[in-house]
Each structure stands twice: as structure tokens, then as C-alpha cells.
Amino acid sequence: MLEFAKQWYPYGGGDDSDIFVEFGLPASAYFRRLAKLVEGSRGRRLSSEQRHGIRTVVRSRLVRRQTAA
């Protein structure tokens, strides 16, 4: 998940359909899991720029989902 996120955070995190095909998860579940990964020990392996960018995308995508519901 982190590799996918590293590739796609500059572009808004990837398309919902690409996320589903890659992980078998709806985008909301993917972004919730990704948020936990970024904050965990694996997230420490990311550069500060990557961590910040991925966190920003996660927040944006989760908020967008909540307001659309």
C-alpha cells in the first residue's frame, strides 16, 4: 500500500477503480488503512515530504467521502 501511495500521492492518491483493482478495497477502506500505515513503523521509512503528502491526500479523500455521504 505504501508503494502505491508513494507513486500516487502527487496525483491525488489514485483513482477509486485503480485502488479497488489493486487492493480489493473500496477507496475509503484503503485510505483508512493507509492512514494507519503512515503513522506506524513503516511510515517512518518514508521521507518527511512523502509522509506529509500522503497524509494530506488521506485527509482530503476521507473528508471528501464523508461530505459526499
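Tallying residues that are free of Cβ contacts under 8 Å to residues at least 40 places away in the same chain and in a helix (DSSP H, G or I) within the range 9-26 yields 9. Looking only at the range 32-44, residues that are assigned to a helix (DSSP H, G or I) and loosely packed, with under 10 Cβ neighbours inside 10 Å come to 1 in all. Is it true that residue 11 is open to solvent by 80 Å² or more (accessible area, probe 1.4 Å) and not acidic (Asp, Glu)? In short, yes. Among the residues here, residue 29 qualifies as open to solvent by less than 30 Å² (accessible area, probe 1.4 Å) and free of Cβ contacts under 8 Å to residues at least 60 places away in the same chain.
The values are calculated or read from the model by the stated rules, or taken from the named source; none is laboratory data. These numbers come from a predicted model, not from an experiment. Counting neighbours? That spans all protein chains shown, and the Cβs are built from the backbone with ideal geometry, glycine included. For accessibility, only protein heavy atoms count, side chains too; no ligands or nucleic acids. Shrake-Rupley method; radii C 1.70, N 1.55, O 1.52, S 1.80 Å.
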